[in-house]
Amino acid sequence: MTNNFDHFELFGLPRRFALDIDRLMTVWRDVQGQVHPDRFATAPAAERRVAMQWATRANDAYRTLRSPLSRAAHLCELAGTPIGADTNTQMNPAFLMRQMAWREALGDAIQAADAAQLERLAAEVRADRQAALVLLEDLIDRQQAYAPAAAQVRELMFIEKFEEEVEGALERIGDLAAASGADTPGSH
């Protein structure tokens, strides 16, 4: 995060990881309705600029709070525990081993063009992502343990990025299979 704004305060929401996304959307729309630049189209330039700044801030806050990963990072930073993803590379050794195993499985599946193996890997990564989110909720909302939460956020950053890589590999293999006619009925 590059700012010190409390996005929860902007929307009048409690500082919690567990968040009612429908409520967030409703409050965001209310704020947008009040500060949308179109409402200030005939206002003096200074008022238009302020409205644009508030609309931008509301949009940034909404994007941050809507994403579980960004929301967790924001909560850690509000608590004085920066994520430090660029400077803090410490990871749990068991998680590092899991990363290595995932990377190897991804490489093997890509080399073999094995969509089923990629699907299994994607399911495993999704399950780990879900478990990380549950752990984050516990660390932030129940324990208020922000240092371990920040470490969990860094792990989740890797998980989400790796999940995208697996999904990309699945798409490429699917595209290759479709291009070769392997998925076309009657092509055998």
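In degrees from 0 to 90, rounded to the nearest 10, what is the angle of the helix 68-78 Cα long axis to the longest principal axis of the chain?
In the chain, helix 68-78 runs at an angle near 50 degrees to the longest axis.
Please report, in debye to the nearest 20, how large the charge dipole of the chain is about its Cα centre when each Lys and Arg carries +1 at its beta carbon and each Asp and Glu carries -1 there.
Details: 20 positive and 28 negative charges, 152 e Å.
Value, rounded to 20: 720 debye.
Between the stretch 1-77 and the stretch 142-164, how far is it from one alpha carbon centroid to the other, in angstrom?
23 Å
For the stretch 66-172, would you read off the P(r) tail past 18 Å as a percentage of all alpha carbon pairs? Write down the numbers at each step before the final one.
Numbers: 2881 of 5671 pairs.
For the stretch 66-172, the fraction of Cα-Cα distances above 18 Å is 51 percent.
Can you list the trypsin sites (Lys or Arg not before Pro) in the stretch 60-121 that are in a DSSP coil and have 10 or fewer other beta carbons within 10 angstrom? Don't skip to the answer; put the middle values down first.
On the way: sites: Arg63, Arg66, Arg71, Arg98, Arg103, Arg120; in loops: none.
Hits after loop and neighbour filter: nothing returned.
Name the residue farthest towards the positive end of the dipole of the chain from the options Leu176, Ala151, Ala101, assuming +1 on Cβ of Lys and Arg, -1 on Cβ of Asp and Glu, about the Cα centre.
Ala151
Quick check: the angle from helix 93-112's long axis to the longest principal axis of the chain, C-alpha only, nearest 10 degrees?
Approximately 60 degrees, to the nearest 10.
Let me have the 222 nm mean residue ellipticity of the chain computed from DSSP H runs of 4+ only, each contributing -39500 (n - 2.57), with the sum over all residues rounded to the nearest 500. Working shown, then result.
On the way: 7 runs with 131 residues, N = 188.
Rounded to the nearest 500, it is -23500 deg cm²/dmol.
Can you give the angle from 0 to 90° between the axis of helix 115-137 and the longest principal axis of the chain, with both taken from C-alpha atoms, to the nearest 10?
Taking the Cα atoms of the chain, the angle to 115-137 is about 30 degrees.
Return Ser70, Ser180 ranked ascending by Cβ neighbour count within 10 Å, so the fewest neighbours appear first. Let's see the in-between values first.
Numbers: Ser70 16, Ser180 11.
The most exposed by this proxy come first: Ser180, Ser70.
Specify which labelled value, from (1) 28, 20, 14; (2) 31, 22, 14; (3) 39, 25, 14, agrees with semi-axes √(5λ) of the Cα gyration tensor in Å derived from the coordinates of the model shown.
Correct label is (3).
For Glu9 and Glu104 in one chain, what is 0.36 nm times their gap in residues minus the Cα-Cα distance, to one decimal in nm? Don't jump to the answer; show the numbers that get you there.
Working: separation 95, 0.36 × 95 = 34.20 nm, distance 4.38 nm.
Net length gain for the segment: 29.8 nm.
Taking only Cα atoms and a 10 Å spring cutoff, compute GNM fluctuations for the chain and point out the largest among Thr42, Thr64, Thr26.
Of the options given, Thr42 has the highest mean-square fluctuation.
Readers should treat all values here as calculations from the given coordinates under stated rules, not as data from a laboratory. Being a predicted model, the structure only gives us computed values, none of them experimental. Cβ coordinates were reconstructed from backbone atoms using ideal geometry, including for glycine residues, and neighbour counts include every protein chain displayed.
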